[in-house]
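The values are calculated or read from the model by the stated rules, or taken from the named source; none is laboratory data. Predicted, not measured: the structure shown is a model, and the values here were computed from it. Cβ atoms come from the backbone with ideal geometry, glycine included; neighbour counts cover every protein chain shown. Heavy atoms of the whole protein, side chains included, go into the accessibility calculation; ligands, DNA and RNA do not. Shrake-Rupley method; radii C 1.70, N 1.55, O 1.52, S 1.80 Å.
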Amino acid sequence: MRLEQKGVPAVLVSHDIFEKAAHVQARAMGLPSMKVVVVPYPKPGEDKEGTRRRAESILEEIANSLVAHP
C-alpha cells in the first residue's frame with residue numbers, strides 16, 4: 001500500500017477469506033479505490049500443482065490492474 005500512496009501502481013492480493021479485511025485496510029490507509037485481487041484460499045491437502053493453478057488464475061487480473069492504473 002505504501003507504493004500506491006507514493007503514486008506507484010500497486011495491487012493488493014488477498015485470500016478470499018480476507019477480502020473484506022483487505023478493503024477495510026485499504027480504506028483505512030486512505031486508498032478506498034485500491035484494486036484488491038482475490039485468490040481462493042488453499043484447500044486442505046492441496047499439492048504444488050493446485051497452488052500453481054491458483055496463482056496463475058490471478059496473474060492476468062493483476063497485470064491488467066497495473067496497466068490500467070489511472
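Details
- For residue 13, distant residues with modelled amide H under 5 Å away: 37
- If you count Lys pairs in the chain whose Cα atoms are under 25 Å apart, skipping same-chain pairs closer than 8 places in sequence, the total is 5.
- Relative frequency of Cα-Cα separations exceeding 17 Å in the chain, percent: 47
- Percent accessible area from carbon and sulfur atoms, the chain, protein chains only, probe 1.4 Å: 58
- With Cα atoms, 0 to 90° folded angle of helix 48-67 axis to the chain main axis: 20
- Selection from 65, 7, 17, by position along the positive dipole direction of the chain (Cβ): 7
- Against the main long axis of the alpha-carbon atoms of the chain, helix 19-28 sits at an angle near 20°.
- In the context of the full set of protein chains, the range 9-61 has a per residue accessible area of 70 Å² (1.4 Å probe).
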